[in-house]
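Derivation of every value follows stated rules applied to the coordinates shown; laboratory data play no part. Because the structure is a prediction, the values reported are computed rather than measured. No Cβ is skipped: glycine too gets one built from the backbone with ideal geometry, and neighbour counts run over all protein chains shown.
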Amino acid sequence: MGREVTIVGQGLAGTCLAWRLWDRARDFSLVHRGDRRSTSFISAGLLTPVTGRNLNPSWRLEEFLSEARAFYRGVEMVLGEQFFHEIPIVRLFADADERSRFDRKREVVDRWVAEFLEPENCPYHAPHGGVIWQGGGWLDTRRFLEASRGYFREAGLIEVQEVDLEKPLPDGDVTVLCAGAAGLGAGPFGFLPERRAKGELLTVRILGFPENRIVSRNGWLVPLGGGLFRAGATYSWDDLTDTTTRSGRAQIEELIGSFTSLPCEVLEHVAGVRPIVRQRRPVIGRHPEIEDLVIFNGLGSKGVLYAPGVAGRLASHLCEGTEIEKDLNVRAFAE
């Protein structure tokens, strides 16, 4: 079966990899770094098929979306609760340029269009109209990570300890660094061209607000049920701390106000740093000089979409020796 795999980090990447190794009956341990909450833990867990102001379908979307759906449904069967919610996304165009961009890209994005919305048919003030995307949804990442941790803890596979990311190798093991933003910018994989980004979000209560779909325009509002919503998110490229800010809260409250004038009670305000590598795609693979040191990182804001499929490819490499695709392989950056 090979040597034991030590997974460092129990965020979305580390947890998905653990499930993939579990399915293959490969020996592993999952190192959880004490009380620290990963960015995955506080994220909104959005899966949006078409993203950004440029309205681009996500890279290799259909392939990874199919794998993600099957993966989450499989874990839900094992754990006995639902984490992944497939719901429509109402995307309101922010301005005339965005509407024109949609018109130019209509053939490219049409596969993901459930309905085009003229301004008079939009559920909110939207003078440039909008579109309803199909194929998206959200993952309750907090419950997914907590329930998975409990499952692996009962199996004796969770270790709680601090890890020196500069010297992460236990003797005789293969170590996979799933350390998120903390694993970028320095250390053995410091050669990666990364640009991390801080994001803040709010969990709010809006009683009487009837929306049960994700709403998006220069940010998003995700229905959690029971009058609760998660709203965000900001982007900061300079402040890479996990400290919340007044300006971040004000920006998100302004976003919520663009959708409803109902009273909004803030229940939680959190911040985290997104792990972003060049081209905003995940990276996996072995260190170019340290064969038994492996990385799984760079999920950014699309971890819900990519983590299951990429974890499957990495598990296949570790267990069956399958070659890692060049556009995912960390060694391509070293070259």
*Hey, can you grab everything whose amide H is under 5 Å from the amide H of THR6? Only 5+ residues off in sequence or another chain; H modelled, so Pro and N-termini drop out.*
SER29, VAL174, THR175, VAL176
*In the chain, with Lys and Arg counted as +1 and Asp and Glu as -1 at Cβ, which of these residues, HIS269, ALA181, LEU157, has the Cα nearest the positive end of the dipole, that is, farthest along it?*
HIS269
_Scattering curve values for the chain, log₁₀ I(q)/I(0), Debye with Cα scatterers, q = 0.11, 0.13 Å⁻¹_ = -0.72, -0.99
*So, in nm, how far is label MET77 from label TYR124 when the simple model puts each one 7 Å beyond its Cα toward the Cβ?*
3.7 nm
*Let me know the charge dipole size of the chain about its Cα centre in debye, to the nearest 20, where only the beta-carbon of Lys, Arg (+1) and Asp, Glu (-1) is charged.*
460 debye
_Estimated vicinal HN-Hα couplings, Hz - region 176-193 in sequence order (Karplus 6.51, -1.76, 1.60; Gly, Pro = x)_ = 10, 7, 10, 9, x, 4, 5, x, 10, x, 6, x, x, 9, x, 7, 5, x
*asked:* Please rank TYR306, TYR235, TYR72, TYR151, fewest neighbouring Cβ atoms within 10 Å first, as an exposure proxy.
replied: TYR235, TYR151, TYR72, TYR306
*Unit charges at the beta carbon, dipole of the chain: most positive-side option, PHE93, GLY136, ILE295*: PHE93
*Which distance in nm do the two modelled labels at TRP59 and ASP97 give, with both placed 7 Å along the Cα-to-Cβ direction?*
2.4 nm
*Looking only at LEU145, LEU207, LEU192, which one moves most when the chain is put into a Gaussian network model with springs between Cα atoms under 10 Å?*
LEU207
*Going 7 Å from the Cα of THR241 toward and past its Cβ, which residues in region 257-290 have a backbone nitrogen under 11 Å from where you end up?*
none
*Each residue of region 114-128 in turn: what ³J(HN,Hα) in whole Hz from Karplus with 6.51, -1.76, 1.60 and θ = phi - 60°, glycine and Pro shown as x?*
8, 7, 8, 10, 6, x, 6, 9, 6, x, 9, 4, 8, x, 10
*When a footprinting reagent is the concern and you count Cβ atoms within 10 Å, what order do ASP95, ASP173, ASP110 take, fewest first?*
ASP110, ASP95, ASP173
_With just the Cα atoms defining each centre, how far is region 78-157 from region 226-264? Give it in Å._
18 Å
_What's the whole-number percent of alpha carbon pairs in region 197-274 lying beyond 17 angstrom?_
39 percent
_Show me, bin by bin at 5 Å from 0, the whole-percent P(r) of region 88-135 based on Cα pairs._
5, 25, 32, 27, 10, 1
*For a footprinting-style exposure proxy, rank SER316, SER247, SER40, SER216 by other Cβ within 10 Å, fewest first.*
SER247, SER316, SER216, SER40
*Report, in order of residue number, the helices in the chain meeting two criteria: a C-alpha extent of 24 Å or more along the helix axis, and a mean Kyte-Doolittle hydropathy of at least 0.0; treat each whole DSSP H run as one helix.*
61-79, 303-320
*asked:* Using DSSP to call loops (not H, G, I, E or B), can you name the trypsin sites (Lys or Arg not before Pro) in region 235-330 whose Cβ has at most 12 other Cβ atoms within 10 angstrom?
replied: LYS326
_Computed [θ] at 222 nm, helices only, for the chain once each DSSP H run of length n ≥ 4 contributes -39500 (n - 2.57)_ = -8500 deg cm²/dmol
*Using Cα pairs under 8 angstrom and six or more residues apart, how large is the relative contact order of region 197-274, in percent?*
48 percent
*Kirkwood-based Rg over Rh for region 235-335 (C-alpha set), two decimals?*
1.15
